[in-house]
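Heads up, the thing below is written out as structure tokens.
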Amino acid sequence: MRLPARSAFLAVALLAASMAGARAETGDVVIQAGHQGRPASCAPLHVRACNLGTSGANGALERDWTPIVADAAARILRAQGYAVIRRPADYAEHDSARAAVFLHFDGAEPCASGASVGFPPSARSEFVSEWERRYRAWFPYRFVGENISDNESQYYGFRKVDAPDKMLIEFGEMTCPAQFAWMAPRLHEMGERLAAFLIHELPR
């Protein structure tokens, strides 16, 4: 159904106002769900490369999967007393935290990719290697490597938060049927495992 022009304009204006009003926050951890909120968030926040993310089997979208993982991790961390700053793909402000993680699922020629991580030079090697150790022990498919592209090593989200540890996580390849089938029922468990990792790395 098409909205009347006035209604459509008001919807975009309200979205822009809510995003522009986002407060910079300080907390224990920032969790960003990759591509969440797009394409609606791109125009109000002047996002030129409005990447909508990967499409997997049966119409599944990366931008629907990442919030499930992010929200599961945030819920556990908050229950343990952590201050979680939960962000979508695009927002106006700049945050400060002890750590920041940016969640994604890869897309490629079918089964050409898998899990990987990206991080800036400032990230502690121990932070990255501990996640890799834990995830490799659980994920039964290919681990592609570290900073395998500029999109990983120079991820725009790294500039949105001041944190000593920042890491982009690609949980696996949605365009690989075998990986997709394995990941689809385990999104909440991914969030649980991410929360356990962050609790280990950020003792209270």
Among the residues that make up the range 141-164, is at least one of them of a type in the set (A, V, I, L, M, F, W, C) and in contact with a Cys (Cβ under 8 Å, 6 or more places away or on another chain)? no
Among the residues of the range 33-88, count how many are surrounded by 14 or more Cβ atoms within 10 Å (Cβ to Cβ), under 19 Å from C176 (Cβ atoms) and more than 15 Å from the chain's Cα centre (by Cα). 3
Which count do you get for residues in the range 140-163 that are touching a helix residue (DSSP H, G or I) at 6+ places or on another chain (Cβ under 8 Å) and surrounded by 15 or more Cβ atoms within 10 Å (Cβ to Cβ)? 4
Tell me, yes or no, whether the range 118-128 has at least one residue that is touching a Lys or Arg at 6+ places or on another chain (Cβ under 7 Å), closer than 24 Å to G81 by Cβ and among the acidic types (D, E). no
Filter result for Y91 (open to solvent by less than 40 Å² (accessible area, probe 1.4 Å) and more than 16 Å from the chain's Cα centre (by Cα)): no
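The values are calculated or read from the model by the stated rules, or taken from the named source; none is laboratory data. Treat the numbers as computed from the prediction; the structure is a model and nothing was measured. So basically every Cβ, Gly included, is an ideal-geometry build from the backbone, and we count neighbours across all protein chains shown. Keep in mind that these areas ignore ligands, DNA and RNA; they rest on the heavy atoms of the full protein, side chains included. Shrake-Rupley method; radii C 1.70, N 1.55, O 1.52, S 1.80 Å.
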